[in-house]
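Let me begin by presenting the structure, written as structure tokens, before commenting on it.
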Amino acid sequence: MKRFAIAADVIDTDALRAELQDGGNGGFCVFEGWVRNRNEGRAVDGLEYEAYAELAQSEGERILAEAGALHGVDDLCCVHRTGHLKVGELAVWIGAASAHRDEAFRACRYVIDALKHRLPVWKKEHYLEGDTAWVACHHAHGEHSRTFAPDYTRQTRLREVGTEGQARLAAARVLVLGAGGLGSPALTYLAGAGVGTLGIVDGDRLEASNLHRQTLYDARDVGLPKATLAARRLAALNPSVTLRTWTEPLHAGNAADVFADFDLVLECTDDMRNRYLSNDAAVVAGIPLILASVYQYEGQLQVVEAGGTPCLRCLWPREPAADAIGSCAANGVLGPTPGVLGAMQAMEALKILLDLPRPREPALLLVDLLQHDLRRLPIDPATGCAEHGGCAAVARKALAEAQRIGDVDRRFTRLDEAAAAGYRLVDVRDAEEIATHPADCATLHIPAAQIAERAAALGEDRCLLFCATGRRSRDAAERLRRQGRGETYSLLGGLAALDTERARTHS
Amino acid sequence: MTTLHLQYYAQLREQAGVGAERVTTEAASLGELYRELAQRHAFSLPADALKVAVNAQFSDWDRPLEDGDTVVFIPPVAGG
């Protein structure tokens, strides 16, 4: 047996020892890590461990599996504490039991070394002088982070930046929605530049198909939440940055409030709904917004500075239907395309934060990376929302409408769970998609385009609509709710999210 | 008849199979031109989902066409 746990309470070592006792085991090796009374010359009174619990759990299990496979040991247990610990208290317990002593010693040694480097756990030391400090004890930090001082001289040497500009960056709070192809370079550059607080919003878990363009992540991270992974990577890149994470997408009910905690927002999602939500929330909150999106080999960039700059709705007043626009999944994308556009978003963010020279007239920038074509189309502020009461009025109305319809998304890990919970399942994919990837559950088939006409077929049942990615089903569910149908929901992330969950739990 | 230089972005480029083309048309306005092109290339997006720019300036759909105009059609894109 192998068991890894993160524990908030005192570790019961007798119970752990008993778990490992087996007639076939002749050697048992234990390692205990205790809280020490000194660290790097300073007297320590105690400490506090904080873990990214979900990530720590999966990383811990992975380490035990590796140790077992490498050294041929079947019985391994490890428990790592979190919370407040006094000097002398047990912080980590590792037990390895095996037929012979050699492999038990080796496996035990492997586990403690790997934990020390890889477990996403931070310790906050309480010094006798009364002050405290967070010390990363995993990954790229380790002992190094205690002595690491960021060096921004390459950018402070710029006349327009200087130490004053660096202080501005340190005081700045930037929210990045979407830690994917655009978010990876944007977040990396902003963390590297020393932006004081970075917020990361991403409701997705990492998929293998993300890795060709999402440079924040490793192959071993597949299946884990991207916001948490991104925070871990950025904390390693620049330990002086404060990171805040949201592992669920924002919605009409909270977006403007979350935005109000930041000075600037970068819209880096791959979701048209989210782009409109960010636009409306930024306009209402009066926060500058930098929008970018990509399609195959090209991209669009729009900077909406607060105070009446034309917004996304000035160009495209209504969100297009989910099946009318493309996506990276459906149409493909070459990795560097979002790389270029995401780097441009970081550049625009720094320009605003540092008040660097930049064009003042609003524009949409079109970037065609195949043809080396960079086109700047000025936007006339007298057109667009200005003809409908102004951006703020339009955005408030759109947010109110989105709140009225409510959140139709529901998260499930398996379709039969939804059926068991009393939802009638409705597959809104096209016939050919269903033929290639049938859903493994009895469902009603109504293509998204026909949902309004065929709503009667749903009766009065509570329905869960689903498609491949959750976008067409969300559109369809909202269409039905607008028609006055209650109890209509959409499977968040679609069938792709189910597959991810399955891959993760089976890995 | 006017001869125009056309540029397509995103799914329009994909559906047209080219990023740019020169066309000679009898269409009197941008709206008419798009209807003509939508039929020829089987564009899936309606004109009201697009922005159109002429000679690097956004334009209304009822704008008349002039020889030598460069016309750009831009759909919103969402990839990231």
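The values are calculated or read from the model by the stated rules, or taken from the named source; none is laboratory data. Note that the structure is predicted; figures quoted are calculated from it, not measured. Positions of Cβ are generated from backbone atoms using ideal geometry, with glycine treated the same way; all protein chains shown enter the neighbour counts.
Scanning region A:244-281 for residues that are aromatic (Phe, Trp, Tyr) and either within 14 Å of another protein chain (Cβ to nearest Cβ) or crowded, with 20+ Cβ neighbours inside 10 Å (or both) returns A:Phe259, A:Phe262, A:Tyr276.
For region A:77-111, the set of residues classified as outside any helix (DSSP H, G or I), among the β-branched types (Val, Ile, Thr) and crowded, with 24+ Cβ neighbours inside 10 Å consists of A:Ile94 only.
Scanning region A:287-314 for residues that are at pLDDT 95 or above and surrounded by fewer than 20 Cβ atoms within 10 Å (Cβ to Cβ) yields a single hit, A:Tyr297. If you go through region A:21-43 and keep only what is surrounded by 15 or more Cβ atoms within 10 Å (Cβ to Cβ), among the hydrophobic types (A, V, I, L, M, F, W, C) and in contact with a Leu (Cβ under 8 Å, 6 or more places away or on another chain), you end up with A:Phe28, A:Val35. When each of B:Gln11, B:Gln15 is tested for being in a helix (DSSP H, G or I), facing another protein chain (nearest Cβ under 10 Å) and touching a residue at least 24 places away in the same chain (Cβ under 8 Å), the lone residue that passes is B:Gln11. Here the condition is being small (Gly, Ala, Ser), away from every other protein chain (no Cβ under 14 Å) and within 30 Å of A:Leu341 (Cα to Cα); of A:Gly390, A:Gly422, A:Gly384, it holds for A:Gly390 alone. Inspect all residues belonging to region A:299-306 and state whether any of them is among the aliphatic types (A, V, I, L, M), under 20 Å from the mean Cα position of the chain (by Cα) and not assigned by TED's automatic domain parsing to the domain that holds A:Leu55. Within region A:299-306, not a single residue is among the aliphatic types (A, V, I, L, M), under 20 Å from the mean Cα position of the chain (by Cα) and not assigned by TED's automatic domain parsing to the domain that holds A:Leu55.
In region A:177-193, which residues are buried (at least 21 other Cβ atoms within 10 Å of the Cβ) and either in a strand (DSSP E or B) or away from every other protein chain (no Cβ under 11 Å) (or both)? Hits for region A:177-193 are A:Leu177, A:Pro185, A:Leu187, A:Leu190, A:Ala191, A:Ala193.
When each of B:Asp60, B:Asp67 is tested for being assigned to a loop (DSSP other than H, G, I, E, B) and away from chain A (no Cβ under 11 Å), the lone residue that passes is B:Asp67.
Condition test on B:Val77, is it at pLDDT below 95, of a type in the set (A, V, I, L, M) and exposed (fewer than 15 other Cβ atoms within 10 Å of the Cβ)? The answer is no for B:Val77.
Taking helices (runs of 4 or more DSSP H) as the structural unit, those lying wholly within region A:282-370 and holding at least 3 residues that are out of contact with any helix residue (DSSP H, G or I) (no Cβ under 8 Å at 6 or more places or on another chain) and more than 10 Å from every other protein chain (Cβ to nearest Cβ) correspond to A:336-353.
Across region A:426-467, what is the total count of residues that are buried (at least 19 other Cβ atoms within 10 Å of the Cβ) and of a type in the set (A, V, I, L, M)? Even if it seems obvious, please write down each step before you answer.
Going through region A:426-467, the residues buried (at least 19 other Cβ atoms within 10 Å of the Cβ) turn out to be A:426-429, A:443, A:446, A:448, A:451, A:458, A:463-467.
Retained after the next criterion (residues that are of a type in the set (A, V, I, L, M)): A:426, A:428, A:446, A:448, A:451, A:458, A:464-465.
Number satisfying all stated conditions: 8.
With respect to the conditions (1) exposed (fewer than 15 other Cβ atoms within 10 Å of the Cβ); (2) of a type in the set (D, E, K, R); (3) more than 14 Å from every other protein chain (Cβ to nearest Cβ), B:Glu21 lacks only one, and its number is (3). Number of residues in region A:212-260 that are assigned to a loop (DSSP other than H, G, I, E, B), closer than 19 Å to A:Ser58 by Cα and of a type in the set (A, V, I, L, M): the value is 3.
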